[in-house]
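Comments concern the structure below.
The values are calculated or read from the model by the stated rules, or taken from the named source; none is laboratory data. Since this is a predicted model, take the numbers as computed values, not measurements. Quick reminder, even Gly has a Cβ in these numbers, built from the backbone with ideal geometry, and neighbours come from all protein chains shown. Heavy atoms of the whole protein, side chains included, go into the accessibility calculation; ligands, DNA and RNA do not. Shrake-Rupley method; radii C 1.70, N 1.55, O 1.52, S 1.80 Å.
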Amino acid sequence: NAGVTQTPKFQVLKTGQSMTLQCAQDMNHNSMYWYRQDPGMGLRLIYYSASEGTTDKGEVPNGYNVSRLNKREFSLRLESAAPSQTSVYFCASSDDQPQHFGDGTRLSIL
Amino acid sequence: GQQLNQSPQSMFIQEGEDVSMNCTSSSIFNTWLWYKQDPGEGPVLLIALYKAGELTSNGRLTAQFGITRKDSFLNISASIPSDVGIYFCAGRNAGNNRKLIWGLGTSLAVNP
């Protein structure tokens, strides 16, 4: 039972490059979420998808786009990466609460 | 965005000691969640609370949903080295059923 799977686990980009972070869940959850975690900032919600076919902005959506490809998959795209987007990105899923998390993607932008 | 006030920010204790941490909010919540994050991993749910006054245990962990619905605490009894990590509280208010509001975490170090 994999739960929430994120790929890749690590990535280094140059400023201006684009990148898509992938997330898949096998728990048949309706809702999925993307967070970023920075030192001292806790978890901040970037985007979420309450159900297949819907997406909504979270607390820090600027510079990101998302796609809810189907019920299982929710991807996060950086169109033009900036150093300020260096962070650890977490995907989560839930039916109502609580949320279940993947192990994160560690992204560095030079 | 709104955040919870989680304290203490960090703790360094001796193995065997009890630990207490808490979260407070300026608004009323209908759900409180406590997560633990180990280095290099995602947060893992420890305890979920859904009713004011609810007291729930999970092994050596005990958490309570405050009567005012604006606070929650987590206690760890007889700490062991594997308790090391960051503990997060998260809450959901009645206004938004999908989004959680997060504390900034309590970093726990245990000296064997």
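Suppose R0 equals 22 Å. What FRET efficiency, 1/(1 + (r/R0)^6) with r the Cβ-Cβ distance, do A:K57 and A:N30 give to the nearest 0.05?
0.75
Under a point spin-label approximation (7 Å from Cα along Cα-to-Cβ), what is the A:L110-B:S20 distance to one decimal in nm?
So the two model labels end up 5.0 nm from each other.
Taking the Cα centre of chain A as origin, sum charge times position over the Cβ atoms of Lys and Arg (+1) and Asp and Glu (-1), and report the length of that vector in debye to the nearest 20.
About 340 debye.
If packing is taken as the mean number of other Cβ atoms within 10 Å per residue, what is the order of B:18-25, A:11-18, B:44-51, A:78-85, highest first?
Those peptides, ordered most packed to least, come out B:18-25, B:44-51, A:78-85, A:11-18.
Determine the gain in length on full extension of the stretch B:K70-B:V84; use 0.36 nm per residue of separation and subtract their C-alpha separation, reporting nm with one decimal.
Once the chain is fully extended between B:K70 and B:V84, it gains 2.4 nm.
Evaluate peptide A:91-98: per residue, the Cβ atoms of other protein chains within 10 Å of its Cβ; return the mean as an integer.
Average per residue, whole number: 4.
Setting aside same-chain residues fewer than 8 positions from B:K70, which lysines have a Cα under 25 Å from its Cα?
Cross-link targets: B:K36, B:K51, B:K99.
May I ask you to give the solvent-accessible area per residue for chain B, in square angstrom, as obtained with a 1.4 angstrom probe?
Per residue, chain B has an accessible area of 46 Å².
Straight distance only, please: which aspartates and glutamates reach the Cα of A:K14 with their own Cα at less than 16 Å, same-chain residues fewer than 8 apart left out?
A:E79
Ordering A:M27, A:M19 by accessible area with a probe of 1.4 Å, largest first, what comes out?
Heavy-atom accessible area, descending, gives A:M27, A:M19.
In peptide A:36-45, how many Cβ atoms from other protein chains are near each Cβ within 10 Å, on average?
The mean count of partner-chain Cβ atoms within 10 Å per residue comes to 5.
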